[in-house]
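The values are calculated or read from the model by the stated rules, or taken from the named source; none is laboratory data. What you are looking at is a predicted structure, and each value in this text was computed from that prediction instead of being measured. As a convention, Cβ positions derive from the backbone with ideal geometry for all residues, glycine included, and neighbour counts pool all protein chains shown. For the accessible areas, the whole protein counts, side chains as well, though only heavy atoms, and no ligand, DNA or RNA atoms are used. Shrake-Rupley method; radii C 1.70, N 1.55, O 1.52, S 1.80 Å.
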Amino acid sequence: MHLASLKRQKVRVAGETIEFRAGETIHTENSYKYSIESLGALARGVGWQPFGVWTDDNRYFSIQAFTLAP
């Protein structure tokens, strides 16, 4: 996902001034789609243990919680 500046502007972030041209974009997000099972496997592979999963009724969306594996 990208955020586009509607006009030429300067913004201050953490004490730094950043200038944007009209139409200039910044990358703000990566969005990845994982099944509950594949995200759990990915997490286990880097030392996390699935802790809980909450889904909508159709399992289209989920929120997953992880803890560090012992």
query = Cα axis of helix 36-45 to longest principal axis of the chain: angle in degrees, 0 to 90, nearest 10?
reply = 90 degrees
remark   = Options (1) 11.8; (2) 15.5; (3) 13.6 are given for Kirkwood radius over Cα pairs in Å, and the computed one is (2)
query = Which residues' amide hydrogens lie under 5 Å from the amide hydrogen of Glu24, considering only partners 5 or more residues apart or on another chain, with H built in the peptide plane?
reply = Ser5
request  = Mind checking the per residue accessible area of the chain for me, 1.4 Å probe, whole number of Å²?
outcome  = 89 Å²
ask   = For the chain, which trypsin sites (Lys or Arg not before Pro) are in a loop by DSSP, counting at most 14 other Cβ atoms within 10 Å?
value = Lys7, Arg8, Arg21, Lys33, Arg59
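Can you pull the percent of the stretch 1-61's accessible area that's carbon plus sulfur, 1.4 Å probe, other chains left in place?
On the way: 3040 of 5510 Å².
On the stretch 1-61, the fraction of accessible area on carbon and sulfur atoms equals 55 percent.
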message = On a 1.4 Å probe surface of the protein chains, which of Glu19, Glu29 comes out largest in accessible area, and what is the full order?
response = Glu19, Glu29
remark   = For the chain the mean separation of alpha carbon contacts under 8 Å (6+ apart) over residue count, i.e. relative contact order in percent, is 23 percent
message = Please compute the modelled spin-label separation between His27 and Arg59, points set 7 Å along Cα→Cβ, answer in nm with one decimal.
response = 3.3 nm
